[in-house]
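Have a look at the structure below before the remarks.
The values are calculated or read from the model by the stated rules, or taken from the named source; none is laboratory data. The structure presented is a predicted model; accordingly, all values stated were derived computationally and were not measured. Neighbour counts are summed over all protein chains in view; Cβ atoms, including those assigned to glycine, are modelled from backbone coordinates with ideal geometry.
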Amino acid sequence: METNQRPLSPHLQIYRPQWTSVLSIMHRISGVLLSVGTVLMVAWLVALAQGEQAYQSMIGFMSSPLVLVALIGWTLALFYHLLNGIRHLLWDTGTMLDLKPARASGWMVVILAVVLTAVVWGGLI
């Protein structure tokens, strides 16, 4: 029987992640987090529509430290996903496809997402 002598492709154990691939994976993860967090936002809207007692109960729940951390994470995911989506739209026009601009735009997305999240929550807390 003949065996194939071709080398195997590199496995994840020896692959060094690139900045753009890490950001791409984070874009997918942030999309999932946005979907999960949207359930909480819908629950808040339903409580708002049901009256003051339901709304106050929901506000009490959302004021717990764990939920506040989740909401801050949801806001970070929202800004990251939005800004990275704009970055991808710019790539679709053929701009910033070289290594240095792609890396710089990735850092800009991460930094802006953190700054915008801090601005929003700095004004709320």
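Here are the numbers for this structure:
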{"item": "Boolean, M96 is at pLDDT below 95, more than 16 Å from the chain's Cα centre (by Cα) and either within 20 Å of W121 (Cβ to Cβ) or not hydrophobic (A, V, I, L, M, F, W, C) (or both)", "result": "no"}
{"item": "Subset of region 68-121 (residues that are within 23 Å of V42 (Cα to Cα) and exposed (fewer than 13 other Cβ atoms within 10 Å of the Cβ))", "result": "V69"}
{"item": "Condition check for V22: part of a helix (DSSP H, G or I) and either touching a helix residue (DSSP H, G or I) at 6+ places or on another chain (Cβ under 6 Å) or farther than 22 Å from W121 by Cα (or both)", "result": "yes"}
{"item": "Positions within region 50-102 being within 24 Å of V115 (Cβ to Cβ), touching a helix residue (DSSP H, G or I) at 6+ places or on another chain (Cβ under 9 Å), β-branched (V, I, T) and in a helix (DSSP H, G or I), in sequence order", "result": "V67, I72, T75, I86"}
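Residue-by-condition table, conditions (1) among the charged types (D, E, K, R); (2) more than 30 Å from S24 (Cα to Cα); (3) under 14 Å from the mean Cα position of the chain (by Cα):
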site: V39; (1), (2), (3): no, no, no
site: V46; (1), (2), (3): no, yes, no
site: F61; (1), (2), (3): no, yes, no
site: A77; (1), (2), (3): no, no, yes
site: H81; (1), (2), (3): no, no, yes
